[in-house]
Amino acid sequence: MFDTALTANDLIFLAKGAGMTLIVTGISVLLGTILGILFGVFRYQVGPWWAAPLTFVLDIFRSIPLLIQLVLANAFVTTVLGFRISGFTVACGVLSLYTSAYCAEIVRGGIESVPTTLRRAARSLGMTWGQDMRSIVLPLATRVALPSWIGLALGVMKDSALVFIVQVVELLKSTQILITRLQEPLFLLMICGLFYFVISFPVARLGGYLERRWSND
Amino acid sequence: MIEIENVRKSFGPLEVLKGINLTVQKGEVLTVIGGSGSGKSTLLTCINGLEPIDSGRILVDGIEVHAKTTDLNKLRRKIGIVFQQWNAFPHLTVVENVMLAQVKVLKRSKAEAEAEAVRQLKHVGLSDKLNVYPSRLSGGQQQRMAIARALAMSPDYMLFDEVTSALDPQLVGEVLDTLRMLASEGMTMICVTHEMKFAREVSDRVAFFDKGVMAEIAPPEELFGAPKDPELRKFLAATH
Ligand SMILES: Nc1ncnc2c1ncn2[C@@H]1O[C@H](COP(=O)(O)OP(=O)(O)O)[C@@H](O)[C@H]1O
Ligand SMILES: [Mg+2]
């Protein structure tokens, strides 16, 4: 359609960036969700008073901009503690905790949405706490929490662009590198957006699919 | 046998059960009547250990419900309870609702549990609703499903807490008929109810609760025919 200096190699370079975005997001959402479930169940179970220290820490993760968290965590781990770990590890670590802080809220809200009367009914049938959690709370809370969780996963994917600050070359950073070289910002950003869309779309659709499957009618 | 000995229970500053003494024999049908807030529901949830008590004790077949060593999950298999609020598990079909605890708690196989579920659902007249989700059931059908779900655990005792109170008037009859059927089959039952006619018909004894105290207990002819407690007289006058 118009002249471009973009080569197949450049496209592969972009695809690698997209792959990095996908890996960082995937690891962070996975670990963040597991931690978020643990934190959320803990907070619900012990009540606001005992959970206060954890709530406070999670609130810190939610209120400080991710970029600052990444820089500080990287400086702390490499300079203060003297660990020789990669920017990739720092990025995944910080992003996982950041995800878990939001996920814990979603999980707690999901658990709270399950009527206590249902849980009493389950326990009255002789089901243990764990059986009630698995067979009643988990499926019902998941239905309620899913839209927010999908939103979180998509948000983390976009936020993962910030990990360039710890030298991780993900999709947006790859695009910037090419922009500097080729001087075709609009065209390259369009391709970059297309990559993001291709990664995000299945996740967004998954939500719709599950909601339809669960609508019990 | 359920033995309730001098049970006291408070929620914060509010004493809800003020020393209840009551024994329910095997095969007996006891109905409990009384004003709202008099502690009827609390007593039922104490019997199956959902609520702790402050003092006294409750024995079910000689096992002390609130003893630290008691395995409550095991004890609860003996005691079925159906609540006023409908509480079908909404993500499971009717037959799955009745199967779940059989599989999880009694470790029955899927096939066994399903056969038992089908049998109990037939018993309460829901054979045509097996694979329907609870959202498609009327309130009366949901309550009958809850009864079948409890019965599928082969309990020795059934506790019913105003199971018809949240129902439209035209649906009350079908649920009461199910309770009558259970009573005639010899199930040991404690029914909290506002249905005086029902209480009169099915009960071996009727207990009247007033502000945390069991003010009167007697066979129905006596309790309804010649009430002694002044609060009970007022209560009966008001419900007629
Ligand atoms: N979980 C609870 N926390 C605090 N108060 C409660 C709780 N459950 C019941 N109560 C109070 O205890 C009293 C007795 O309640 P309940 O046993 O439900 O009475 P009834 O079933 O006879 O209407 C009421 O005043 C009620 O508000
Ligand atoms: Mg009540």
Matching residues in segment B:184-225 - criterion: being crowded, with 18+ Cβ neighbours inside 10 Å and either free of Cβ contacts under 8 Å to residues at least 12 places away in the same chain or assigned to a loop (DSSP other than H, G, I, E, B) (or both): B:M187, B:T193, B:E195, B:S203, B:G212
Answer residue from segment B:131-153, given it is within 11 Å of another protein chain (Cβ to nearest Cβ) and of a type in the set (K, R) and is nearest to B:D168 (Cα to Cα) among those: B:R136
Positions within segment A:69-101 being hydrophobic (A, V, I, L, M, F, W, C) and either assigned to a loop (DSSP other than H, G, I, E, B) or within 14 Å of chain B (Cβ to nearest Cβ) (or both), in sequence order: A:L81, A:F83, A:I85
Counted residues, segment B:115-156 - those being within 18 Å of A:L118 (Cβ to Cβ), assigned to a loop (DSSP other than H, G, I, E, B) and touching a residue at least 60 places away in the same chain (Cβ under 8 Å): 1
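Would you check if A:L6 is farther than 22 Å from A:T89 by Cβ, among the aliphatic types (A, V, I, L, M) and either open to solvent by 60 Å² or more (accessible area, probe 1.4 Å) or in contact with a Phe, Trp or Tyr (Cβ under 8 Å, 6 or more places away or on another chain) (or both)?
yes
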Neighbours by Cβ (under 8 Å, 6+ apart or cross-chain): first from segment B:18-47, within 14 Å of chain A (Cβ to nearest Cβ); second within 11 Å of ligand 2 (Cβ to nearest atom): B:S41/B:Q84; B:S41/B:D161; B:S41/B:E162; B:S41/B:V192; B:T42/B:V16; B:L44/B:D161; B:L44/B:V192
Residue in segment A:102-115 that is most open to solvent (accessible area, probe 1.4 Å), counting only those that are small (G, A, S) and within 14 Å of chain B (Cβ to nearest Cβ): A:S113
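Each row is one residue, and each column tells you yes or no for (1) more than 16 Å from the chain's Cα centre (by Cα); (2) within 16 Å of ligand 1 (Cβ to nearest atom); (3) at pLDDT below 95.
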{"residue": "B:L130", "(1), (2), (3)": "yes, no, no"}
{"residue": "B:V163", "(1), (2), (3)": "no, yes, yes"}
{"residue": "B:L179", "(1), (2), (3)": "no, no, yes"}
{"residue": "B:R205", "(1), (2), (3)": "no, no, no"}
Test set (1) in contact with a strand residue (DSSP E or B) (Cβ under 8 Å, 6 or more places away or on another chain); (2) more than 16 Å from ligand 1 (Cβ to nearest atom) - B:L159 fails condition number: (2)
Sole exception among (1) over 24 Å from B:L92 (Cβ atoms); (2) at pLDDT below 90; (3) open to solvent by less than 30 Å² (accessible area, probe 1.4 Å) for B:L167, by number: (1)
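To keep it simple, each residue is scored yes or no on (1) open to solvent by less than 60 Å² (accessible area, probe 1.4 Å); (2) more than 14 Å from every other protein chain (Cβ to nearest Cβ); (3) over 25 Å from A:I27 (Cβ atoms); (4) modelled with pLDDT under 95.
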| site | (1), (2), (3), (4) |
| --- | --- |
| A:V163 | yes, yes, no, yes |
| A:V169 | no, yes, no, yes |
| A:T180 | no, yes, yes, yes |
| A:Q183 | no, yes, yes, yes |
| A:F187 | yes, yes, yes, yes |
| A:V198 | no, yes, no, yes |
| A:V203 | yes, yes, no, yes |
| A:L210 | yes, no, no, yes |
| A:D217 | no, no, yes, yes |
Any hit, segment A:127-138, residues being under 30 Å from B:E96 (Cα atoms) and not in a helix (DSSP H, G or I): yes
Checking A:T99 against (1) closer than 30 Å to B:K104 by Cβ; (2) surrounded by 22 or more Cβ atoms within 10 Å (Cβ to Cβ); (3) in contact with a Ser or Thr (Cβ under 8 Å, 6 or more places away or on another chain), the condition it does not meet: (1)
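Yes or no: B:N48 of a type in the set (S, T, N, Q) and more than 16 Å from ligand 2 (Cβ to nearest atom)?
no
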Search result, residues across segment B:72-89 that are closer than 18 Å to B:M1 by Cα and open to solvent by 60 Å² or more (accessible area, probe 1.4 Å): B:K74, B:R77
Residue selected from segment B:23-54 under the condition open to solvent by less than 10 Å² (accessible area, probe 1.4 Å) and in a strand (DSSP E or B), by the criterion nearest to ligand 1 (Cβ to nearest atom): B:G34
Inter-residue pairs, beta-carbon under 7 Å, first more than 10 Å from chain B (Cβ to nearest Cβ) and in segment A:130-145, second open to solvent by less than 20 Å² (accessible area, probe 1.4 Å) and assigned to a helix (DSSP H, G or I), 6+ apart: A:V137/A:I111; A:A141/A:G110; A:A141/A:I111; A:V144/A:G110; A:A145/A:G110
Residue list for segment B:70-95, filter: part of a helix (DSSP H, G or I) and within 10 Å of another protein chain (Cβ to nearest Cβ): B:L72, B:N73, B:K74, B:L75
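Check A:A161, A:A141 and return the single one that is small (G, A, S) and either more than 17 Å from A:V107 (Cα to Cα) or not in a helix (DSSP H, G or I) (or both).
When all the criteria are applied, what remains is A:A161.
Of the residues B:V192, B:V172, which is β-branched (V, I, T) and under 23 Å from B:N48 (Cα atoms)? Before you say what the answer is, go through the steps one by one.
Numbers: B:V172 fails: under 23 Å from B:N48 (Cα atoms).
Residue meeting the stated conditions: B:V192.
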Test: B:A101 is under 17 Å from the mean Cα position of the chain (by Cα) and within 12 Å of another protein chain (Cβ to nearest Cβ): no
Failed item, numbered, when B:L92 is tested on (1) within 18 Å of the chain's Cα centre (by Cα); (2) of a type outside the set (D, E); (3) under 25 Å from A:R213 (Cα atoms): (1)
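The values are calculated or read from the model by the stated rules, or taken from the named source; none is laboratory data. Note that the coordinates shown come from a computational prediction; the quantities given were computed from them, not determined experimentally. As a convention, Cβ positions derive from the backbone with ideal geometry for all residues, glycine included, and neighbour counts pool all protein chains shown. Surface areas here come from the heavy atoms of the whole protein model, side chains and all, with no ligands, DNA or RNA. Shrake-Rupley method; radii C 1.70, N 1.55, O 1.52, S 1.80 Å.
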